[in-house]
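A short write-up of the structure that comes next.
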Amino acid sequence: MLSSSSSLAALLGTEFPLVQAPMAGVQGSRLAIAVSGAGALGSLPCAMLSTEAMRSELAALRDALGERPYNVNFFCHQAPVPDAAREAAWREALAPFLREFGIDPAAIPAGPGRNPFSTEAAEVLAEFRPRVVSFHFGLPAPDLLARVKAWGAVVLASATTVEEGLWLQAHGADAVIAQGLEAGGHRGHFLSHDLTRQPGLFALLPQLVAQLRVPVIAAGGIADAQGVAAAMALGAAGVQVGTAWLLCDEATTTPLHRAALKSEAARHTALTNLFTGRAARGIVNRLLREAGPMSAAAPEFPLATAAIAPLRAKAEAQGSGDFSPLWSGQNATGCREVPAAELVRALVRGFGRAG
């Protein structure tokens with residue numbers, strides 16, 4: 001009988017049951033190509049891509065990888081209805097910072113910073129028929145999910161609680177990603193926004209393994225082979241790693257973000273809704289210290305992004321990351337300035353295999 005890790009690798013079509021977490025804003029197809037080329041599952045985040053950009057990136061993956069599998073990731077949030085009063089309150093909350101940089105609040109355009117999975121995205125995706133498709137914030141509408149499954153795609157989705165894992169299993173996920181509270185970037189919660197219900201990975205993982213029939217992939221705080229081995233010892237069928245890739249040669253992480261990850265600042269992360277309107281973990285910087293990290297004034301995800309964008313641009317032009325989303329998990333010790341394939345080889349030693 002195949003071990004659970006061998007079963008997951010067979011399901012994904014990879015040599016190793018290792019998934020590179022999709023990280024919108026800090027990577028493109030180049031990182032995914034390098035990871036998949038090394039025997040793990042590279043991922044392409046599409047939440048910030050237009051359909052044209054998505055098609056271009058998917059073509060690059062297809063041309064570089066041939067039959068090797070890769071994962072394409074989407075958000076499944078409900079697009080919010082803009083609220084003028086809340087937008088005004090948000091700009092008022094940011095007013096001291098806006099004044100400091102000479103930004104006129106009235107000149108800031110409204111608009112989302114992330115796109116949910118849509119019919120248009122599904123049409124582009126169908127042109128390429130990737131082996132694996134993953135979702136964050138639940139699953140798409142049944143008709144859209146059916147389109148993805150029609151060509152035999154394996155569907156992964158993130159759960160931050162046991163209840164979410166059971167829901168995902170019941171609604172069509174082929175494997176569930178257990179996202180612990182340690183993980184960097186956006187929380188994948190979708191049944192409840194109560195952050196007190198969010199456990200750490202090593203509390204969540206064994207509960208999901210005990211309750212689910214589908215494979216469970218561990219994510220959050222895993223930065224090296226020892227972390228991989230620990231997750232597997234608790235019953236994971238595989239692991240997903242995010243933060244550790246951020247310093248890799250193929251990542252598009254900005255110089256300011258890279259510097260923060262290599263500094264003492266990376267030891268202090270927090271969940272914040274200031275950058276997008278939804279809880280996400282990043283390195284604590286000036287904005288988090290002085291305005292948050294959680295604010296009731298922030299508009300619904302992803303509308304908070306619009307007012308932060310000009311602050312970020314002005315600060316970054318001055319060489320400051322004080323208003324930038326420096327996404328990171330609680331364990332950045334695995335970040336290394338190496339080719340992604342080298343990091344794959346280091347991590348897979350945790351599966352008890354030669355790297």
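The values are calculated or read from the model by the stated rules, or taken from the named source; none is laboratory data. Predicted model only: the values in this text are computed from it and were never measured. Here the Cβ positions follow ideal geometry from the backbone for every residue, glycine too, while neighbour counts run over all protein chains shown.
Could you tell me how many of the residues in region 310-352 are more than 24 Å from Lys262 (Cα to Cα) and among the hydrophobic types (A, V, I, L, M, F, W, C)?
1
All but one of (1) touching a Cys at 6+ places or on another chain (Cβ under 9 Å); (2) outside the structural domain of Gln226 (by TED's automatic domain parsing) hold for Glu342; which doesn't?
Evaluating Glu342 over (1) touching a Cys at 6+ places or on another chain (Cβ under 9 Å); (2) outside the structural domain of Gln226 (by TED's automatic domain parsing) leaves (2) as the failure.
Can you pull out the residues in region 213-255 that are within 27 Å of Asp322 (Cα to Cα) and surrounded by fewer than 18 Cβ atoms within 10 Å (Cβ to Cβ)?
Just the residues of region 213-255 that are within 27 Å of Asp322 (Cα to Cα), to begin with: 220-223, 241-255.
Once the filter is applied, which keeps residues that are within 27 Å of Asp322 (Cα to Cα) and surrounded by fewer than 18 Cβ atoms within 10 Å (Cβ to Cβ), region 213-255 yields Asp249, Thr252, Thr254, Pro255.
Going through region 102-128 one residue at a time, which ones are surrounded by fewer than 14 Cβ atoms within 10 Å (Cβ to Cβ), part of a loop (DSSP other than H, G, I, E, B) and either in the same structural domain as Pro22 (by TED's automatic domain parsing) or of a type outside the set (D, E, K, R) (or both)?
If the condition is that a residue be surrounded by fewer than 14 Cβ atoms within 10 Å (Cβ to Cβ), part of a loop (DSSP other than H, G, I, E, B) and either in the same structural domain as Pro22 (by TED's automatic domain parsing) or of a type outside the set (D, E, K, R) (or both), then Gly102, Pro109, Ala110, Gly111 are the ones that fit.
Of the conditions (1) more than 29 Å from Ala110 (Cβ to Cβ); (2) in a loop (DSSP other than H, G, I, E, B); (3) without any contact (Cβ under 8 Å) to a residue 40 or more places away in the chain, Glu342 clears all except one; give me its number.
In the conditions (1) more than 29 Å from Ala110 (Cβ to Cβ); (2) in a loop (DSSP other than H, G, I, E, B); (3) without any contact (Cβ under 8 Å) to a residue 40 or more places away in the chain, Glu342 misses (2) alone.
So Gly152 fits all but one of (1) free of Cβ contacts under 8 Å to residues at least 60 places away in the same chain; (2) more than 19 Å from His186 (Cα to Cα); (3) part of a helix (DSSP H, G or I); what number is the exception?
(3)
Could you give every pair whose Cβ atoms fall below 8 Å, whose first residue belongs to region 21-37 and is closer than 16 Å to Ala64 by Cα, and whose second residue is of a type in the set (S, T, N, Q) and not in a loop (DSSP other than H, G, I, E, B), counting only separations of at least 6 or pairs across chains?
Filtered contacts from region 21-37: Leu31/Gln20; Ala32/Gln20; Ala32/Ser43; Ala32/Asn71; Val35/Gln20; Val35/Ser43.
Looking at region 335-350, which of its residues are surrounded by fewer than 22 Cβ atoms within 10 Å (Cβ to Cβ) and of a type outside the set (Val, Ile, Thr)? Before the answer, list the steps.
Here is the first cut: in region 335-350, the ones surrounded by fewer than 22 Cβ atoms within 10 Å (Cβ to Cβ) are 336-339, 341-342, 345-346, 349.
Passing the criteria: Arg336, Glu337, Pro339, Ala341, Glu342, Arg345, Ala346, Arg349.
Check off (1) over 25 Å from Thr160 (Cα atoms); (2) in contact (Cβ under 8 Å) with a residue 12 or more places away in the chain; (3) among the aliphatic types (A, V, I, L, M) for Ala304 and give me the number that stays unchecked.
All conditions are met except number (1).
Of the numbered conditions (1) part of a loop (DSSP other than H, G, I, E, B); (2) surrounded by fewer than 18 Cβ atoms within 10 Å (Cβ to Cβ), Arg289 fails exactly one; give the number of that condition.
Here Arg289 meets the rest and fails (1).
Give the residue, chosen from Arg91, Arg99, Arg55, that is over 16 Å from Ser134 (Cα atoms) and assigned by TED's automatic domain parsing to the domain that holds His136.
When all the criteria are applied, what remains is Arg55.
Which one is nearest to the chain's Cα centre (by Cα) among residues in region 38-54 that are assigned to a helix (DSSP H, G or I) and of a type in the set (A, V, I, L, M)?
Out of the qualifying residues, it is Met54.
Considering every residue within region 264-286, establish whether at least one is free of Cβ contacts under 8 Å to residues at least 12 places away in the same chain, over 20 Å from the mean Cα position of the chain (by Cα) and not in a loop (DSSP other than H, G, I, E, B).
Yes, region 264-286 contains a residue that is free of Cβ contacts under 8 Å to residues at least 12 places away in the same chain, over 20 Å from the mean Cα position of the chain (by Cα) and not in a loop (DSSP other than H, G, I, E, B).
Okay, residues lined up against (1) out of contact with any Lys or Arg (no Cβ under 6 Å at 6 or more places or on another chain); (2) among the polar types (S, T, N, Q):
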{"position": "Gln179", "(1), (2)": "yes, yes"}
{"position": "Gly184", "(1), (2)": "no, no"}
{"position": "His189", "(1), (2)": "yes, no"}
{"position": "His193", "(1), (2)": "yes, no"}
{"position": "Phe202", "(1), (2)": "yes, no"}
{"position": "Val209", "(1), (2)": "yes, no"}
{"position": "Leu212", "(1), (2)": "yes, no"}
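Go through region 24-53 residue by residue and tally those that are β-branched (Val, Ile, Thr), surrounded by fewer than 24 Cβ atoms within 10 Å (Cβ to Cβ) and within 13 Å of Pro339 (Cβ to Cβ).
Residues in region 24-53 being β-branched (Val, Ile, Thr), surrounded by fewer than 24 Cβ atoms within 10 Å (Cβ to Cβ) and within 13 Å of Pro339 (Cβ to Cβ): 1 in total.
Hey, can you tell me all the residues within region 306-334 that are surrounded by fewer than 23 Cβ atoms within 10 Å (Cβ to Cβ) and not in a loop (DSSP other than H, G, I, E, B)?
Answer for region 306-334, where residues must be surrounded by fewer than 23 Cβ atoms within 10 Å (Cβ to Cβ) and not in a loop (DSSP other than H, G, I, E, B): Ala306, Ala309, Pro310, Leu311, Arg312, Ala313, Lys314, Ala315, Glu316, Ala317.
Taking region 6-58 as the region of interest, how many residues are touching a Phe, Trp or Tyr at 6+ places or on another chain (Cβ under 6 Å) and of a type in the set (Ser, Thr, Tyr)?
1
Under the condition of being in contact (Cβ under 8 Å) with a residue 40 or more places away in the chain and on the phi > 0 side of the Ramachandran plot, which residue from region 103-137 is nearest to the chain's Cα centre (by Cα)?
The selected residue is Phe137.
Any idea which of Glu67, Glu57, Glu92 is crowded, with 18+ Cβ neighbours inside 10 Å and either outside any loop (DSSP other than H, G, I, E, B) or not small (Gly, Ala, Ser) (or both)? If you could, list the steps in order and put the result at the bottom.
Working: Glu67 fails: crowded, with 18+ Cβ neighbours inside 10 Å; Glu92 fails: crowded, with 18+ Cβ neighbours inside 10 Å.
Of the residues listed, the single one that is crowded, with 18+ Cβ neighbours inside 10 Å and either outside any loop (DSSP other than H, G, I, E, B) or not small (Gly, Ala, Ser) (or both) is Glu57.
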